[in-house]
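Below is one structure; the comments refer to it alone.
Values in this text are rule-based calculations from the coordinates and carry no lab data. These numbers come from a predicted model, not from an experiment. All Cβ positions, glycine included, derive from the backbone under ideal geometry; neighbour counts span all protein chains shown.
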Amino acid sequence: MVDITVRPMTDADAGRVLAIYQAGLDAGNASFEITAPTWAAFDAARLSAHRFVAVDRDGTVLGWIAVSPTSTRAVYAGVVEHSVYVDPAAQGRGVARLLLAELVASTEAAGIWTIQSGIFPENAASLTLHQRAGFRVIGVRERVGRHHDRWRDVVLLERRSPTIT
């Protein structure tokens, strides 16, 4: 992992970010979405202060992480939902772990007390990654939506900041 660094995501990363997103969607266990959004839609839906990419020594984007607000209500200002995607060719190299660590540091510095996510139960690697990063399983939403003509469950996870009280 010495050759991997994490930096803020920029508009110049759009092509790689969306390609990695689409690869995750194509694999079938990342999201209910089927097609990655346009960059304009991606950009509008995610908080700019908490978007990061992991890059190799050549500057190639290997993965990304970003958060969206869960609500516009002021009481939920410290709660975000995140997504993390890694290029299939870079999986198993600790990219997602580095991205999650950067996100936790960034959100805690900004006073965000909860990061949540919904993960398909079949995505065992992501569930393990999140639990090792301090996320806990809240529960399972059974048959919450249809994906590729079949009902899917979603495991709800959250990480509560131990430093923001």
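With Cα atoms as the point set, the stretch 98-165 shows a radius of gyration and Dmax of 13.6, 43 Å. Taking a Cβ cut-off of under 10 Å around N29, the surrounding Lys, Arg, Asp and Glu residues balance to a net charge of 0, with basic ones at +1 and acidic ones at -1. Spatial offset of the stretch 1-55 relative to the stretch 97-165 amounts to 17 Å, using the alpha carbon center of each.
Each Lys or Arg adds one and each Asp or Glu subtracts one; over the other residues with Cβ under 12 Å from the Cβ of A66, this totals -2. Convex hull volume of the Cα atoms of the chain, normalised per residue: 118 Å³. Charged neighbours of E102, selected by a Cβ distance under 14 Å, balance to +3 (K, R count +1; D, E count -1).
Helix-only mean residue ellipticity at 222 nm, the chain, DSSP H runs n ≥ 4 weighted -39,500 (n - 2.57), per residue, nearest 500. What is it?
Working: 4 runs with 45 residues, N = 165.
After summing the helix terms and dividing by the residues of the chain, the value is -8500 deg cm²/dmol.
Our summary gives the chain a relative contact order of 20 percent, counting only alpha carbon pairs under 8 angstrom and 6 or more residues apart. At the listed q of 0.25, 0.27 Å⁻¹, the Debye profile of the stretch 49-132, built from one uniform point per Cα, gives log10 I(q)/I(0) equal to -1.28, -1.39.
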